[in-house]
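Enquirer: Take this structure first; my questions come after.
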Amino acid sequence: MSRPARALVDTQALRHNLQQVRKFAPASKVMSVIKANGYGHGINRVAAALIASDAFAVTSVEEGIQLRESGFWQPICLLSGFFEPEELLLLDAYALSPVIHHEEQLQQLEAHKRQAVLDIWLKIDTGMYRVGFPWQSLAKILPRLQACRAVRTIRLLSHFADADNPGSEATRKQIDDFTKAVAGTELESSLANSAGVVAWPASHLDWVRPGIMLYGTTPVAGKTARELGLQPVMTLETRLMAVQWRNKGDAIGYGGDWVCPEAMPVGVAAIGYGDGYPRHAKSGTPVLVGGQRVSLIGRVSMDMITLDLRARPEAKPGDRVVLWGGNLPVEEIARAAETISYELFCHVTGRVPFVEVNG
Ligand SMILES: *Cc1c(COP(=O)(O)O)cnc(C)c1O
């Protein structure tokens, strides 16, 4: 038998989560964000499952071309825009819609003399302070874009900095400033990420841009994915490869950080940071063995982790081990490793086989 670590991707859950987005924002079109290889789930399988989206968003022209060459015909937005003027020809050839977010890009568009037909998203900054034209400058920027031969349609977008925080004043101000900036332009606009979809209805506007909620993770503090009706998409699983009875005082694994307080069964599961399980997961991080919660103990190795099996002494090699997914919310693992679910998903490594399941 081969090494049992693998990631299951539930395409039915992806479809369900898209329907939840539509329930939260029934009047908006949905641009499903599938950047970074579909948040680590595999961009083609995610796009196929989310085929009912009104558009897709990715980061780069490479991802856009991959989708086009796989046959996806939906509008595709490139969230980072283009990096070099040479890419403009590719954007035209593959019908990819770039975000325009800084002066150099605008100048390159103005200088682009070849006939091109681009639908662009103009990014305006309302308080993220990362990229985008300041919202106050919109009246100056728009006429320049409208004068570009290569530009066919213009839409407006801005991005939230703090929407996962329910009472956020900064978010309220971003919504106000964006709404003010958009008013009178008669252009389509978009502000909401997943947190906006769930918690800020005033941000829904013409287009919503959900990412993380499509993968079944809660986008807001204080509400679980289950409470929001979201279903987990990825299950990271493996099997027990050894179970050993240890003595009181035995120090488990590298550095011997974790010492057995009594004679006890210790399991070894075939997964480690070489697979993308977070090395910083603390002792006590929950893991499911045969569907039952046990605790990670000791340091995470490259290929193995060690488990306190006192809660499941009957466990034996070959038993199924779930690291996240199903009844074990990835949010709990992220918290124990002091990171976010986005990063855990993106870090599953190339040696882990991905398997599609349907429900
Ligand atoms: C990644 C991204 C999103 C999606 O954010 P989530 O928090 O995953 O919903 C939306 N808009 C932009 C511009 C992004 O970069």
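Enquirer: In the stretch 162-203, how many residues are within 11 Å of the ligand (Cβ to nearest atom) and either assigned to a loop (DSSP other than H, G, I, E, B) or over 21 Å from residue 218 (Cα atoms) (or both)? Show your work before the answer.
Expert: Keep residues of the stretch 162-203 that are within 11 Å of the ligand (Cβ to nearest atom), which gives 163-164, 190-198.
From the residues that got through so far, the ones that are either assigned to a loop (DSSP other than H, G, I, E, B) or over 21 Å from residue 218 (Cα atoms) (or both) too are 163-164, 191-193.
Here the count works out to 5.
Enquirer: Look at residue 248 and say whether it is part of a loop (DSSP other than H, G, I, E, B), open to solvent by 10 Å² or more (accessible area, probe 1.4 Å) and within 16 Å of the ligand (Cβ to nearest atom). Explain how you work it out, then say what you get.
Expert: Values: part of a loop (DSSP other than H, G, I, E, B): yes; open to solvent by 10 Å² or more (accessible area, probe 1.4 Å): yes; within 16 Å of the ligand (Cβ to nearest atom): no.
No; evaluated as a whole, the condition is false for this residue.
Enquirer: OK, next. Which condition number in (1) open to solvent by 40 Å² or more (accessible area, probe 1.4 Å); (2) away from the ligand (no atom under 16 Å from the Cβ) is the one that residue 298 fails?
Expert: Single failed check for residue 298: (1).
Enquirer: Output the residues belonging to the stretch 207-236 that are within 14 Å of the ligand (Cβ to nearest atom), of a type outside the set (Phe, Trp, Tyr), touching a Lys or Arg at 6+ places or on another chain (Cβ under 9 Å) and open to solvent by 10 Å² or more (accessible area, probe 1.4 Å).
Expert: The answer is 218, and nothing else.
Enquirer: Now, a different point. Can you say whether residue 45 is more than 23 Å from residue 121 (Cα to Cα), away from the ligand (no atom under 14 Å from the Cβ) and in contact with a strand residue (DSSP E or B) (Cβ under 8 Å, 6 or more places away or on another chain), as far as the supplied structure shows?
Expert: Values: more than 23 Å from residue 121 (Cα to Cα): yes; away from the ligand (no atom under 14 Å from the Cβ): yes; in contact with a strand residue (DSSP E or B) (Cβ under 8 Å, 6 or more places away or on another chain): yes.
Yes.
Enquirer: Let me ask something additional. Of everything in the stretch 68-94, what is open to solvent by 60 Å² or more (accessible area, probe 1.4 Å) and under 25 Å from the mean Cα position of the chain (by Cα)? Give them in sequence order. Walk me through it before giving the result.
Expert: Narrowing the stretch 68-94 to residues open to solvent by 60 Å² or more (accessible area, probe 1.4 Å): 69, 73, 75, 83-84, 86, 89-90, 93-94.
Within the stretch 68-94, 69, 73, 75, 83, 94 meet the criteria.
Enquirer: Can you pull out every residue in the stretch 315-335 that is open to solvent by 20 Å² or more (accessible area, probe 1.4 Å) and in contact (Cβ under 8 Å) with a residue 12 or more places away in the chain?
Expert: Within the stretch 315-335, the subset open to solvent by 20 Å² or more (accessible area, probe 1.4 Å) is 316-320, 326-327, 329, 331-332, 335.
316, 317, 318, 319, 320, 326, 327, 329, 331, 332, listed by residue number.
The values are calculated or read from the model by the stated rules, or taken from the named source; none is laboratory data. Nothing here was measured: the structure is a model prediction, and the numbers come from that model. Glycine gets a Cβ as well: all are built from the backbone with ideal geometry, and neighbour counts include every protein chain shown. Side chains are part of the model used for accessible areas, which takes the heavy atoms of the whole protein and leaves out ligands, DNA and RNA. Shrake-Rupley method; radii C 1.70, N 1.55, O 1.52, S 1.80 Å.
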